[in-house]
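What follows is a set of notes on a single structure, which appears directly below.
The values are calculated or read from the model by the stated rules, or taken from the named source; none is laboratory data. Predicted model only: the values in this text are computed from it and were never measured. All Cβ positions, glycine included, derive from the backbone under ideal geometry; neighbour counts span all protein chains shown.
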Amino acid sequence: DTAFKKASKFEILKSFPYINYEIIYSGINDKTINLLYREYDKKDLARTAFYQNLSYTIKDNEPSLIRFKDLEIKVLKAGNEGIEFTVLKDDSTP
């Protein structure tokens, strides 16, 4: 049962500070999770100079805390099928 909802359209006021980013989970190798950070400009185009590969070692069978820029994320569990996490802090908005 798939349902579609019409999304509201919004525009970013380009005169104000703006950061648009995404963090992509790209898998786990042993106890190390791999993430990709991408930052976008105001036109929503990927800025080639603003991407970074990240890797963090996580603990066995207990939550792990990772920090990047103004983010603080608690990784609850990670595996080949996905990641479960909670964002504890996101101060990336000016």
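Within the span defined as segment 69-81, every residue fails to be exposed (fewer than 13 other Cβ atoms within 10 Å of the Cβ), in a strand (DSSP E or B), modelled with pLDDT of 85 or more and out of contact with any strand residue (DSSP E or B) (no Cβ under 7 Å at 6 or more places or on another chain). Restricting attention to segment 27-41, the residues that are assigned to a loop (DSSP other than H, G, I, E, B) and closer than 16 Å to Val75 by Cα add up to 2.
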